[in-house]
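The values are calculated or read from the model by the stated rules, or taken from the named source; none is laboratory data. Please read all numbers here as calculations on a predicted model, not as lab measurements. Cβ coordinates were reconstructed from backbone atoms using ideal geometry, including for glycine residues, and neighbour counts include every protein chain displayed.
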Amino acid sequence: MLYLSSEEIDRFIKEDVPYFDLTSHLLGIRDQPGKITYFIREEAVVCGTEEVKEIFKKLNIECTFYIPSGEKAKKNDILISGTGKAEDLHTAWKAGQNILDHCSGIATQTRRMVDIGNAMEPKVAVLTTRKGFPGTKALAIKSVLAGGGYPHRLGISETVLIFKQHLNFIGGMNALAEKIKEIKQYCCEKKIIAEAESLEDGLRLAEMGVDGIQFDKLKPEELKEAVIRIKKKTPHISLLAAGGINEKNISAYVKTGVDGVVTTSLYNAKPADVGVKLEML
């Protein structure tokens, strides 16, 4: 689903075990054979088991079972298990649990929002912003995908999204019309999306020929009027809603007729309740 490098897997391990497991060493259990089992204490959308499997491989733990990311799990279901030496099992323990906790939490919350949105409009897209916690982007994106959502932008290098902050450097909205023509000439294969904070801005951007408009912090009733008026003149333009959208208010925004909702709330999802059993064989 999403590739993580060997170096990233090493980093997950090193964050928790920079040198060795002192406790297992002092207890004299390092080489004892054992089994590790991660299980879920609640219904959830699973995510991160492939990365835990890679951690197992790094630590010479044989994976005996796992549920692929994106699958639903019921309460007390086993997510992933493996066998190996006690020291290696304890080294994998928290690194694996942290990944499963947070990734499955995001995936579960994403699926919840997607289900709510699709109940109102089956084709509406649930998209995530770039405002995640630094250093966690790859896992966060994988978690969103596992839950049925999509990243709004993977970065600023491959997409064109014009904010008011950009306009401050070119002379405002009036200067943008000419710039749109230039951008379409130089980046003919790219779609041009621009942000609007009012109905009036949205109408002007549509007239300029942008491919999509992201409305920021409009109330649902204002957004609905904007969608009706803009789609009437330019039916093929993509319209997005952004700004404070979450599980509680997504329905109101989907009802406006937008093509997608953009949210940061999924990155703050409650971690899934993942338990871990370690047993001697």
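Could you go through the range 42-61 and let me know if any residue there is of a type outside the set (Val, Ile, Thr), crowded, with 23+ Cβ neighbours inside 10 Å and under 12 Å from residue 273 (Cα atoms). Scanning the range 42-61 turns up at least one residue that is of a type outside the set (Val, Ile, Thr), crowded, with 23+ Cβ neighbours inside 10 Å and under 12 Å from residue 273 (Cα atoms).
Cβ contacts < 9 Å: first residue loosely packed, with under 13 Cβ neighbours inside 10 Å, restricted to the range 22-41; second residue among the basic types (Lys, Arg) and modelled with pLDDT of 95 or more, any location; separation 6+ or different chain. Result? Close Cβ pairs satisfying both conditions: 31/85; 33/85; 41/75. Checking each residue of the range 142-156 against the condition of being of a type in the set (Ser, Thr, Tyr), closer than 30 Å to residue 272 by Cα and either in contact (Cβ under 8 Å) with a residue 40 or more places away in the chain or in contact with an Asp or Glu (Cβ under 6 Å, 6 or more places away or on another chain) (or both) gives at least one match. Elements of the type helices (runs of 4 or more DSSP H) sitting completely within the range 1-87 and holding at least 1 residues that are touching a helix residue (DSSP H, G or I) at 6+ places or on another chain (Cβ under 7 Å) and among the acidic types (Asp, Glu): these cover 6-16, 49-58.
In the range 68-78, the qualifying residues are those that are in contact with a strand residue (DSSP E or B) (Cβ under 9 Å, 6 or more places away or on another chain) and within 9 Å of residue 47 (Cα to Cα), and the one that is surrounded by the fewest Cβ atoms within 10 Å (Cβ to Cβ) is 71.
Residue count for the range 116-133, restricted to those that are free of Cβ contacts under 8 Å to residues at least 60 places away in the same chain and touching a Gly at 6+ places or on another chain (Cβ under 8 Å): 1. Hey, can you tell me all the residues within the range 113-172 that are of a type in the set (S, T, N, Q) and assigned to a helix (DSSP H, G or I)? Scanning the range 113-172 gives 118, 143, 165.
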